[in-house]
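Below you'll find the structure, written out as C-alpha cells, and then a few comments.
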Amino acid sequence: KFAIRNMFTRSHLHKKWWNNDPDCIQLREKLKLTAAERQSHITAVALTGGSFFISDDLEKLAPAVVQNAGSLLPIIDRRPVIVDLWENSFPKYVKLPLSGAAGEWFLLGYINWSDRKEKVSLESDHYKLLPINYFVRSYWDEQCTVSKKSEPLWSGIIQPHGAVMLAVRPFTQAPT
C-alpha cells in the first residue's frame, strides 16, 4: 500500500531528479499478497515507469504469472498524471498520456485502497478526458468495449486492494 502510494506521489519527479524505483515486483503466491494486490503493484509500475525488477525465481512461477509481469515490457518511461494527487492521501486515479502511429491515447489506472470489494464506475471526467466516444481495453479482465460519451469508461467490482488498468483511445471509424 505504501510502496504504491510512494510511486504515485513521487512520480512527478521521475526523469527530473531520478528514475523511479518502484521496489521489486513479487509474483510468488506464497507471500501474504493477494492476486489483486500483486495486480495493483504491477499496475502501478506500468503507469509510473522507471526500474523494473522481479524478485522471484521465474522458473518456479506459473507461466500465466510470468506472462502478466512480462506484459510490462518494454517499460513506458514517462511521467504519469496523478489526477487526484492533492485530493486524497492515497491517490486513486492515474493517467498516462501516450502517442504513437495510431494517434494519442491513454493508460488509465484506478486503485481500490479499501479492505472491501468496491463497485466502481470510471468516468472520463475522473481523468479529465474529453467527453467523447472511446475504445476501451481493460487489461486485467481483457474486455474490449466502446464507451459512448454518456457512458462510463468502465464499470465493475474491484477486489480489496485491487486495480483496474485501461487502454483508452478516441473512437474513430478508421482501423486502430
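The values are calculated or read from the model by the stated rules, or taken from the named source; none is laboratory data. Just so it is clear, the model here is predicted, and its values are computed rather than measured. All Cβ positions, even for glycine, are placed from backbone atoms using ideal geometry, and neighbour counts span all protein chains on display. The protein model used for the area step is the full one, side chains on, heavy atoms only, and it has no ligands, DNA or RNA in it. Shrake-Rupley method; radii C 1.70, N 1.55, O 1.52, S 1.80 Å.
The table for this structure:
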{"item": "Cut-off 13 Å between beta-carbons: net charge of the residues surrounding F106, Lys and Arg +1, Asp and Glu -1", "result": "+4"}
{"item": "Globularity index of region 132-176, i.e. its alpha-carbon radius of gyration over 2.2 N^0.38 Å", "result": "1.22"}
{"item": "Exposure rank, largest accessible area first [R169, R137, R116, R38; 1.4 Å]", "result": "R116, R137, R169, R38"}
{"item": "Isotropically averaged projected area of region 81-176, using the convex hull of Cα atoms (one quarter of hull area), nm²", "result": "6.2 nm²"}
{"item": "K1 paired with N133, simple spin-label distance in nm, labels 7 Å along Cα-to-beta-carbon", "result": "4.2 nm"}
{"item": "Relative contact order of region 51-176, defined on C-alpha pairs under 8 angstrom at six or more residues apart (%)", "result": "23 percent"}
